[in-house]
Amino acid sequence: MEIFSELVSILLEKKLTITSAESCTGGLFSSEIVSVPNASRVLSAAFITYSEDAKSEIIGVNPEIIKNCGVVSESVAVEMASGAANKTDANVAVGITGYAGPATDKNDDTAGRVCFGFYVNGKTVSSKKEFGDIGRNAVRELAVIYAAKTLISLIKRFGDIK
């Protein structure tokens, strides 16, 4: 995906490092970064934290936030991004949690609902997208494209190292 070349380029230009904490995308975001030349200069580690326990135990998501907000929530996504950044000392991070489908899951999460947490130089932003019940892989692909585009915008806004 061409957008990832742009993301790696801006990270290199700004001398930033990136990490990800992925759930429903299952590593697709970090895989797309790795497909770009010079990825090793910006990505040192990435996390696939599919279960609630993995989110808490590996990247430090507060279990109470999962309990109170639900695993598919902007609050959890921000905790994922912040936790991954803290574990790796990255300047930039994304947390992606959602329900790719099909239909509705046991927690009444709607198919195609994905929540994002973004971390850039200590600032966090969150968002939620409803991609619809368009198929698991289509949701995953749209989610990582959206995440990359959003990160590029946030890096342009907050990405200068102080």
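Just one of (1) open to solvent by less than 30 Å² (accessible area, probe 1.4 Å); (2) not in a helix (DSSP H, G or I) trips up PRO37, so point out which.
Single failed check for PRO37: (1).
When you check GLY95 against the structure, is it closer than 14 Å to ALA143 by Cβ and at pLDDT 95 or above, yes or no?
It is true that GLY95 is closer than 14 Å to ALA143 by Cβ and at pLDDT 95 or above.
Any idea which of SER20, SER44, SER30, SER56 is out of contact with any strand residue (DSSP E or B) (no Cβ under 9 Å at 6 or more places or on another chain) and among the hydroxyl-bearing types (Ser, Thr, Tyr)? Can you show your working first?
On the way: SER20 fails: out of contact with any strand residue (DSSP E or B) (no Cβ under 9 Å at 6 or more places or on another chain); SER44 fails: out of contact with any strand residue (DSSP E or B) (no Cβ under 9 Å at 6 or more places or on another chain); SER30 fails: out of contact with any strand residue (DSSP E or B) (no Cβ under 9 Å at 6 or more places or on another chain).
Every option except SER56 fails the conditions.
Taking helices (runs of 4 or more DSSP H) that fall entirely within region 43-162, which contain at least 2 residues that are surrounded by fewer than 15 Cβ atoms within 10 Å (Cβ to Cβ) and of a type in the set (Lys, Arg)? Steps first, answer last, please.
Working: elements: 52-59, 63-69, 74-88, 136-158.
Filter on region 43-162 gives 136-158.
Would you tally the residues in region 22-32 being over 12 Å from ALA147 (Cα atoms) and crowded, with 19+ Cβ neighbours inside 10 Å?
If we filter region 22-32 for residues that are over 12 Å from ALA147 (Cα atoms), which is where we start, we get 23-24, 26-27, 31.
Cutting the leftovers down to crowded, with 19+ Cβ neighbours inside 10 Å gives us 23-24.
Qualifying residue count for the region: 2.
Looking only at residues that are open to solvent by less than 40 Å² (accessible area, probe 1.4 Å) and in contact with a Gly (Cβ under 8 Å, 6 or more places away or on another chain) in region 11-21, which one is nearest to LYS149 (Cα to Cα)? First the steps, then the outcome.
Initial filter on region 11-21 (open to solvent by less than 40 Å² (accessible area, probe 1.4 Å)): 11, 16, 18-21.
Now drop any that are not in contact with a Gly (Cβ under 8 Å, 6 or more places away or on another chain), which leaves 16, 20-21.
Details: LEU16: 16, SER20: 14, ALA21: 17 Å.
Per the criteria, the residue is SER20.
The values are calculated or read from the model by the stated rules, or taken from the named source; none is laboratory data. In this text the structure is predicted, and so the values were computed from the model without any measurement. Note that we place each Cβ from the backbone using ideal geometry, even for glycine, and neighbour counts take in every protein chain shown. Heads up: the accessible areas ignore ligands, DNA and RNA and are worked out on the full protein's heavy atoms, side chains in. Shrake-Rupley method; radii C 1.70, N 1.55, O 1.52, S 1.80 Å.
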